[in-house]
Amino acid sequence: NAALTRRVACPDGINTATNAACCSLFAVRDDIQKNLFNGAQCNAEAHEALRLTFHDGIAISNKAGNVGGADGSIMLFSEVETAFHANIGLDEVVAIQKPFVARHNISAADFIQFAGAVAVSNCPGAPRLPFFLGRKVATSPAPDGLVPEPFHSVIQILDRFADAGPVGFEDVEVVWALSAHTIAAANDVDPNAAGAPFDSTPFTFDTQFFLETQLRGQDFTGKGTAQGEVTSAVKGVMRLQSDHLLARDSRTNCEWQSFVNNPQKLHDRFIDAWLKISLLGNDQDAMIDCSEVIPEPTTINVQATFPPTLSNKQVEQACADTPFPTLKSAPGPATVVAPVATNPAV
Ligand code: HEB
Ligand code: CA
């Protein structure tokens, strides 16, 4: 019963919290919303903040004794880890985020996951992600080779996720986690197409990503020579080979399709998958639930639609059990999706 939960007054004189340890997060939140996400936007910096949660968290291996995970190593040992091929581009994100950690009383490990949860809340349609405080802090950099690449095979990717932590991830959980690519773009896969988004709505947390990756590819966005890129159905959108293959592989295709036009499932399963990533290498029971500090995202009510000129005819049906949902097509002529602009220097 929420009404009976004792709340403490925070020293800032404004906020209250269920646990006093959460009080310091309000100032961190307000600072990053203003100065990192340019006024609580779902912008490139917010997208990158989410990507960083994954690249810090996934760097843990059961085979290697479960050292690391969401421990801040990507920031604390950034000279080492941002030089890894899979972490390309994250050197800039880490450099932008470091001063925020320096001016608040928060560890790099907690900051990375907290910033990611706040970032997602800026995207209309997103679920409100939970945040737990109190991660173990890295004492060494993660080894290279633990972050999946877009040119990896499905089996390589599923094996890597299964090996992440003592419990690991099931095949379907990999699909759940990839909901993140609904608010995402690539800057370095093909430098000729910097900012090319993974679906036509990179500022909205919707199911378009799962729909659009199931369509027959037509054109490369950029030069078409990048490792890990395949043709996409919509001009301006970049499709990663890994997303393309996961949408079609018999181990993952039905789960992939099940997200199309199902925002409730998108919310529920992304919360599960992301929380697990954000806690890798840590013991949730020993941490403090500060989810109340994460803003409530704006809700949207949109139907998934085929992009203009496309329809069920372009679906490359992969799931053998269930037909693809019948959906409307957006009206008008084919459009070119604009790149996601990188932030002006903050
Ligand atoms: Fe991700 C992005 C890959 C998973 C989140 N990705 C990205 C990219 C790539 C990737 C390549 C681009 C980069 C540049 O910039 O160029 N991923 C990937 C892979 C995988 C993944 C291979 C496995 C399958 N992701 C993931 C997850 C997550 C993510 C799980 C979370 C959760 N990503 C992300 C984001 C992004 C990306 C958010 C975007 C960023 C920007 O926009 O900038
Ligand atoms: Ca989207």
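The values are calculated or read from the model by the stated rules, or taken from the named source; none is laboratory data. Keep in mind the model is a prediction, meaning the values are calculated, not measured. All Cβ positions, even for glycine, are placed from backbone atoms using ideal geometry, and neighbour counts span all protein chains on display.
Search region 114-137 for residues being closer than 18 Å to Ala21 by Cα and of a type in the set (D, E, K, R), and hand back the single one that is surrounded by the most Cβ atoms within 10 Å (Cβ to Cβ).
Filtering region 114-137 for residues that are closer than 18 Å to Ala21 by Cα and of a type in the set (D, E, K, R), the one surrounded by the most Cβ atoms within 10 Å (Cβ to Cβ) comes out as Arg135.
Quick one: how many residues across region 129-146 are in contact with an Asp or Glu (Cβ under 9 Å, 6 or more places away or on another chain) and closer than 15 Å to Thr53 by Cβ?
Let us first name the residues in region 129-146 that are in contact with an Asp or Glu (Cβ under 9 Å, 6 or more places away or on another chain), namely 130-139, 141-142, 144, 146.
Then keep just the ones that are closer than 15 Å to Thr53 by Cβ; that gives 130-133, 135, 138, 142, 146.
Counting residues in region 129-146 that are in contact with an Asp or Glu (Cβ under 9 Å, 6 or more places away or on another chain) and closer than 15 Å to Thr53 by Cβ gives 8.
Hey, could you check region 307-321 for residues that are of a type outside the set (A, V, I, L, M), in contact (Cβ under 8 Å) with a residue 12 or more places away in the chain and not in a loop (DSSP other than H, G, I, E, B) and say which is farthest from Ser232 (Cα to Cα)?
The selected residue is Asn312.
Can you tell me which residues in region 167-179 are within 6 Å of ligand 1 (Cβ to nearest atom) and either touching a Ser or Thr at 6+ places or on another chain (Cβ under 7 Å) or under 13 Å from Ser278 (Cα atoms) (or both)? Give the steps one after another, and end with the answer.
First pass over region 167-179, keeping only residues within 6 Å of ligand 1 (Cβ to nearest atom): 177-178.
Across region 167-179, the qualifying residue is only Ala177.
Suppose we keep only residues that are polar (S, T, N, Q) and more than 12 Å from ligand 1 (Cβ to nearest atom) within region 77-124. Which one would you say is farthest from the chain's Cα centre (by Cα)? Walk me through it before giving the result.
From region 77-124, those polar (S, T, N, Q) are 78, 82, 87, 97, 105, 107, 113, 121-122; that's our starting set.
Subsequent filtering for residues that are more than 12 Å from ligand 1 (Cβ to nearest atom) retains 78, 82, 97, 105, 107, 121-122.
Working: Ser78: 20, Thr82: 18, Gln97: 17, Asn105: 25, Ser107: 21, Ser121: 12, Asn122: 13 Å.
Among those that are polar (S, T, N, Q) and more than 12 Å from ligand 1 (Cβ to nearest atom), it is Asn105.
Regarding Ala3, is this residue small (Gly, Ala, Ser), modelled with pLDDT under 95 and part of a helix (DSSP H, G or I)?
Details: small (Gly, Ala, Ser): yes; modelled with pLDDT under 95: yes; part of a helix (DSSP H, G or I): yes.
Taking the combined requirement at face value, the residue satisfies it.
Looking only at region 200-232, which residues are surrounded by 24 or more Cβ atoms within 10 Å (Cβ to Cβ), away from ligand 1 (no atom under 14 Å from the Cβ) and of a type in the set (Gly, Ala, Ser)?
The one that is surrounded by 24 or more Cβ atoms within 10 Å (Cβ to Cβ), away from ligand 1 (no atom under 14 Å from the Cβ) and of a type in the set (Gly, Ala, Ser): Ser200.
All but one of (1) farther than 30 Å from Ile60 by Cβ; (2) β-branched (Val, Ile, Thr); (3) within 20 Å of the chain's Cα centre (by Cα); (4) buried (at least 17 other Cβ atoms within 10 Å of the Cβ) hold for Thr298; state the number of the condition that does not hold.
It fails just one condition, (4).
Kindly list, by first and then second residue, each pair from a residue in region 191-211 that is part of a helix (DSSP H, G or I) to a residue that is of a type in the set (Val, Ile, Thr), limited to pairs with Cβ atoms under 7 Å and residues at least 6 apart or on different chains.
Ala193/Thr221; Gln208/Thr182; Gln208/Thr201; Phe209/Thr182; Phe210/Val260; Leu211/Val260
Taking region 155-213, which residues are of a type in the set (D, E, K, R) and away from ligand 2 (no atom under 16 Å from the Cβ)?
Of the residues in region 155-213, the ones of a type in the set (D, E, K, R) are 159-160, 163, 170-171, 173, 188, 190, 199, 206, 212.
Result: Asp159, Arg160, Asp163, Glu170, Asp171, Glu173, Asp188, Asp190.
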